Ligand SMILES: Nc1ncnc2c1ncn2[C@@H]1O[C@H](COP(=O)(O)OP(=O)(O)OP(=O)(O)O)[C@@H](O)[C@H]1O
Ligand SMILES: [Mg+2]
């Protein structure tokens, strides 16, 4: 089945003086997918979202959201689009419920539906018991969740999430990721930015890798990882210590390298997988030592990132959540 495109861009570009913040991006987002913009600080993620949602004017190029050209028809598009900015747009002094009601009004939700929508979202997001508490008193994770709820109050078809889990602890981030993935199951198209490789890997159907305003690669996490797969890596665990026999094993491996991980565990790198399995099986028979486990080690998205960008994945680790609000 041919699926529609939720976003389509052609040479989308933003300059700030001499700086090319977003550099001729041409990409598309398919309806119903979670599409990720993965890139280090300053790579142009937020600027792209701002252009797509009509908050910043492209210097060059064009884009459509759900078929509407932006910025030209951004106000029409906005009826079907929710935006969760990197810094919350909700009011500290209003209660959770009043924030949602305010957003419902702002987005033109019919009056008789405002309260029921707000209540339902508070329930869906596990915040109903806190509905009368001021937003300012919420934890970081709860603030994020409510900010997402607020972006859904007009039942959009597409959601933009700018760094949804930045600065959250592991537990809050995990719960928010579950929530995001459930939203997608309900048919929503999601465009999210992140500098967490693991998050992009877990959540996204496709990932665009963005560095200094340019997209270097767009593909599924699986396909990106395959790019990093230059040689086979297999780990074997044995039923007994094999360190004293490693020399014998190496002679049987026909060019592949064997490394000791623990007394009874090795990693074999390179070579042809089926030949390696045969050789290790033979070794195990010759020495009467059983093989307890054999695992092919796939490259991680970190390996792929390094290969595609030439940058160390640690450029993504820069913590910036600490300084931000909401
Ligand atoms: N209003 C602005 N005026 C001048 N420069 C800007 C403006 N907004 C963004 N930039 C610059 O554009 C570049 C891209 O910024 P952007 O915020 O889009 O990056 P980002 O990928 O979202 O980064 P982060 O991961 O830190 O959120 C940066 O060099 C930034 O300094
Ligand atoms: Mg940003």
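With the structure loaded, tell me whether residue 8 is over 24 Å from residue 211 (Cα atoms) and away from ligand 1 (no atom under 16 Å from the Cβ) or whether it fails that test. When the stated conditions are applied, residue 8 does not pass them. Checking the stated criteria, residue 213 turns out to be on the phi > 0 side of the Ramachandran plot and buried (at least 16 other Cβ atoms within 10 Å of the Cβ). Residue-level check: of (1) in contact (Cβ under 8 Å) with a residue 60 or more places away in the chain; (2) within 16 Å of ligand 1 (Cβ to nearest atom), residue 60 misses just (1).
Among residues that are in contact (Cβ under 8 Å) with a residue 12 or more places away in the chain, within 16 Å of ligand 1 (Cβ to nearest atom), within 21 Å of residue 71 (Cβ to Cβ) and outside any strand (DSSP E or B), residue 13 is not included. Just wondering, is there one or more residues in segment 184-197 that are away from ligand 1 (no atom under 16 Å from the Cβ), under 11 Å from the mean Cα position of the chain (by Cα) and farther than 26 Å from residue 311 by Cβ? No, because not a single residue in segment 184-197 is away from ligand 1 (no atom under 16 Å from the Cβ), under 11 Å from the mean Cα position of the chain (by Cα) and farther than 26 Å from residue 311 by Cβ. One residue stands out in segment 29-57 among those that are crowded, with 18+ Cβ neighbours inside 10 Å and in a strand (DSSP E or B): the one that is nearest to ligand 1 (Cβ to nearest atom), namely 37. Tell me, yes or no, whether segment 57-77 has at least one residue that is closer than 19 Å to residue 162 by Cα and within 16 Å of ligand 2 (Cβ to nearest atom). Within segment 57-77, not a single residue is closer than 19 Å to residue 162 by Cα and within 16 Å of ligand 2 (Cβ to nearest atom). Considering (1) modelled with pLDDT under 95; (2) within 29 Å of residue 130 (Cα to Cα); (3) buried (at least 17 other Cβ atoms within 10 Å of the Cβ); (4) more than 16 Å from ligand 1 (Cβ to nearest atom), the lone condition that residue 81 does not fulfil carries the number (1).
Among the numbered conditions (1) within 13 Å of ligand 1 (Cβ to nearest atom); (2) more than 20 Å from the chain's Cα centre (by Cα); (3) surrounded by 15 or more Cβ atoms within 10 Å (Cβ to Cβ), the only one that residue 18 does not meet is (3). Taking each residue of segment 29-55 that is under 13 Å from residue 220 (Cα atoms) and looking for partners that are within 6 Å of ligand 1 (Cβ to nearest atom) with beta-carbon atoms closer than 8 Å, six or more apart or interchain, yields 37/45; 38/195.
Scan segment 129-164 for residues that are in a helix (DSSP H, G or I) and either surrounded by 15 or more Cβ atoms within 10 Å (Cβ to Cβ) or within 16 Å of ligand 2 (Cβ to nearest atom) (or both) and the total you get is 14.
The values are calculated or read from the model by the stated rules, or taken from the named source; none is laboratory data. Just so you know, these numbers come straight off a predicted model, no measurement behind them. Glycine gets a Cβ as well: all are built from the backbone with ideal geometry, and neighbour counts include every protein chain shown.
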